[in-house]
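The values are calculated or read from the model by the stated rules, or taken from the named source; none is laboratory data. Computed from a predicted structure; not experimentally measured. Cβ atoms come from the backbone with ideal geometry, glycine included; neighbour counts cover every protein chain shown. Accessible surface areas use protein heavy atoms only, side chains included; no ligands, DNA or RNA. Shrake-Rupley method; radii C 1.70, N 1.55, O 1.52, S 1.80 Å.
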Amino acid sequence: MAPPGPEGGRGEARKARSPPGRPFRGSDTGKGVGCRVPAPRGRAGQDPAVAVWRGTGRWADACPPASPSVPGSPVAAATAPGKKITARLKRTLPVRGPQAPTLSELMRWYCLNTNTHGCRRIVVSRGRLRRLLWILLTLSAVGLILWQCAELLMNYYSASVSVTVQFQKLPFPAVTICNINPYKYSAMKEYLSELDKETKKALETFYGFSEGKSKVRRSVDEWNSTGSEFFQQIPLLKVEDFPRMATDLHSGQKRKIEGSVFHKDSSIVNSGDSNDIIGFQLCDANNSSDCALYTFSSGVNAIQEWYKLHYMNIMAQIPLETKEKLSYSADDLLLTCFFDGLSCDKRHFTRFHHPLHGNCYTFNSGENGTVLSTSTGGSEYGLQVVLYIDEADYNPFLVTSTGAKIIVHDQNEYPFIEDIGTEIETAAATSIGMHFTRSRKLSKPYSDCTETGADIPVENLYNKSYSLQICLHSCFQKAMVQSCGCAQYAQPLPAGAEYCNYKKNPNWMYCYYRLHEKFVKEQLGCQQICKDACSFKEWALTTSIAQWPSTVSEDWMLRVLSWDKGQKLNKKLNKTDLANLMVFYKDLNERFISENPANTLVILLSNFGGQLGLWMSCSVVCVIEIVEVFFIDSLSIVMRRQWQKAKKWWNDRKRGSSGKALQASDVERQGHDNPVCIDEDLPTFTTALRLPLPQDSPLPRTPPPNYSTLRLETAFTEQLPDTLELGQH
């Protein structure tokens, strides 16, 4: 027997006899016996769902609400209830997707709808073994992605670079030329006469050296009768019992060596014969016991170093204008000049005064804003000059070689000719072929270089573009002024400072050597402060030498050159007074070396995309889905659950404080907390009768049949057979 419907057994019989696909339309009187009304969870203000009886013998989760049709209206009578049921079912079914109420439902929805095939296979695969294999494959792919992405990040932050080499044409560089002898010895004699006399006396006493006399050593007592302030300031010593005892070559007295011993020539001292070790001692003027002995394995080096110290002390007291007059002029140094096959003269050279090399001259300095360029590579199209060295006017104690020094540099760079200059010899033709390289390095974080030197806390004393050498020399000069109270002669003067000399700074030599020792050992901090320049230019030089002039051409060339200089020179030139110099490009190609980041943000994103696509067939959209589901939606679900728990706790607390009992309407508003919604299976007729009812409503009973009120509505197109029989009776 079919269960009774809301309109009696005859109604159920008509429903059972209705053709398939035709919905049975019962009474639209709202909530009857055949419908249960649990409030849908989380949807305030929505009509409650009603349970309808299906032909399968089970109660559906929802049924349409009472129809708002007007009694007697043909349109309302003709409305099919199937559409209403379908719409109501769609609105009241459990929500799937990003708005799922639980994390398990959310994860299941994600795995079924994501573009990552591994997650989908985990859910849809049948059998534990196949599902386990897909879990292992997916986790392995995730592990590989994490590993590869970590490698990419490490490579990205390793600041590696790639090098690019290019070749192109270039202008001609600046060429600075200096005579090895800084000043004419004939013009400097009045300043150096006393020093030269003391030096000759020392050589005669030590080694029996004399000019035009027999080589007999001079006695110490004979030398002491004359006195010497130079040897009193810096005494020369002959080490006899190294390193304990030494003899003062000026006074002849033996003294005990105290303090530090520094070997200027080598870290290894000649141990074969201690008599060969000669040096000088420097002591603190304020503390005579604080001394340092500087030894040399060769007497030549000892005498020359001792002479240079006194020479710098003398030159520091001579005004700059006077020193420029004492050095060589452009007419004195330059005999002939050709550039790019055309004649040139002293107007193409710019003079600047170097403390150690006197007047130097720079070709193509760019001082007037014009930088020359060569049209073709090769020795015929470079710079060709013949230099007059004048070996006879050299200082015999200051320099021991003959020739000139040159340096090839950029127009904005300072020529450190004492550090990286190239020497050319006399009576020879020196050919210097050049290859130009321009380098560009990346600054932080790729390398510790500086663009302009503005971030280096060292004042540039050279008024040229920044370089590491400028920074180191400027840093040392600054430390010299701070520690010793005066500036070292070989470097530019800082503002407000003056060069060191005995009269004003009697302790400067000892202070200078001590400070230089710290500088070499990197204890001053200059090497830590100064950085390489990010952009720099370099000329690689290839030098070749040939005899010049040749034996067969020597006679006429010297005569012609002597005639050209005849108005200023009163003697015939010798080939040892001349030097021929050629500076040229071997080719006109520039090698440009630049650093580029090996890993940029674009490359990093591309690598990430490649790894995601290779291992998980995932794209940016997939990543967005992961972020949305695992972060946004998951967080929203957790927060919503916590909010519901907090709200329920607050409502229970309020009811407990007011003493009110829990109403049936409150139970219905709890949504999924309603016991009706706990069971996933649809309720049967028997279980539907056990559902909790509101306290104010009476227990529903099956109403007695009232056949006179049964009517067929327009939901059926024809009258049923049982109603025909009833009408006949």
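In the range 117-157, which chymotrypsin sites (Phe, Trp or Tyr not before Pro) fall in coil by DSSP and have 12 or fewer other Cβ atoms within 10 Å?
Of the chymotrypsin sites (Phe, Trp or Tyr not before Pro), the ones in loops of the range 117-157 whose Cβ has at most 12 other Cβ atoms within 10 Å are TYR157.
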Taking a ≥ b ≥ c as the square roots of the eigenvalues of the Cα gyration tensor of the range 475-616, is the shape rounded (a/c under 1.5), prolate (a/b larger than b/c) or oblate?
oblate
Round to the nearest 0.05 the FRET efficiency obtained for LYS503 and GLU418 when R0 = 25 Å and r is the Cβ-Cβ distance.
0.45
Please compute the modelled spin-label separation between LYS572 and GLN528, points set 7 Å along Cα→Cβ, answer in nm with one decimal.
6.5 nm
Contour excess over end-to-end distance, with Cα ends at TRP649 and PHE338 and 0.36 nm allotted per residue
101.8 nm
What dipole magnitude, in Debye to the nearest 20, does the range 419-546 give about its Cα centre under +1 on Lys/Arg Cβ and -1 on Asp/Glu Cβ?
240 debye
Run the simple label-point estimate for HIS117 and GLN642 please: 7 Å along Cα→C-beta, distance reported in nm.
3.9 nm
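DSSP loop GluC sites (Glu not before Pro) in the range 308-377 with at most 15 other Cβ atoms within 10 Å of their Cβ, which ones? Write down the numbers at each step before the final one.
Working: sites: GLU321, GLU324, GLU367; in loops: GLU367.
Answer by residue number: GLU367.
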If you take the charge dipole of the range 448-601 about its Cα centre, with +1 on Lys and Arg Cβ and -1 on Asp and Glu Cβ, which of GLY525, TYR489, VAL560 is farthest toward its positive end?
VAL560
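Which of the trypsin sites (Lys or Arg not before Pro) found in the range 469-534 are loop residues per DSSP with 13 or fewer other Cβ atoms within 10 Å of their Cβ?
Working: sites: LYS478, LYS503, LYS504, ARG514, LYS518, LYS521, LYS531; in loops: LYS503, LYS504, LYS521, LYS531.
When the trypsin sites (Lys or Arg not before Pro) of the range 469-534 are filtered for loop state and at most 13 Cβ neighbours within 10 Å, LYS503, LYS504, LYS521 remain.
Over the range 445-511, average the accessible area per residue using a 1.4 Å probe and give it in Å², no decimals. It would help to have the intermediate numbers written out before the result.
Values: 3180 Å² over 67 residues.
The answer is 47 Å² per residue.
How many percent of the accessible area of the range 344-488 is carbon or sulfur, using a 1.4 Å probe?
On the way: 2820 of 6160 Å².
Carbon with sulfur: 46 percent of the solvent-accessible area.
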Share of the range 492-639's accessible area from carbon and sulfur, percent, 1.4 Å?
61 percent
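FRET efficiency for LEU153 and ALA495, Cβ-Cβ distance as r, R0 = 56 Å, nearest 0.05? Don't skip to the end; give the middle numbers.
Working: r = 49 Å, r/R0 = 0.88.
That pair, LEU153 with ALA495, gives E of 0.70.
Could you provide, to the nearest whole Å², the per residue accessible area of the range 358-424 with probe 1.4 Å? Kindly include the intermediate steps, with their values, before the conclusion.
Values: 2550 Å² over 67 residues.
Accessible area per residue, the range 358-424: 38 Å².
Could you list, in their original order, any pairs among LYS444/LYS478; LYS323/LYS504; LYS308/LYS503; LYS405/LYS464 whose Cα atoms are separated by more than 25 Å? Could you put the intermediate results ahead of the total?
On the way: LYS444/LYS478 27 Å; LYS323/LYS504 21 Å; LYS308/LYS503 17 Å; LYS405/LYS464 21 Å.
From LYS444/LYS478; LYS323/LYS504; LYS308/LYS503; LYS405/LYS464, over 25 Å: LYS444/LYS478.
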Spelling out what I want: for every residue of the range 352-369, take phi, set θ = phi - 60°, compute 6.51 cos²θ - 1.76 cosθ + 1.60 (Karplus), and round to whole Hz; glycine and proline get x.
9, 9, 9, x, 9, 10, x, 6, 10, 10, 10, 8, 6, 6, x, 5, 8, x
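Quote to one decimal, in nm, the extra length available between THR102 and ARG591 on full extension: 0.36 nm per residue of separation minus the C-alpha distance between them. Present the calculation step by step, with values, prior to reporting the outcome.
Values: separation 489, 0.36 × 489 = 176.04 nm, distance 6.65 nm.
Difference between extended and current length: 169.4 nm.
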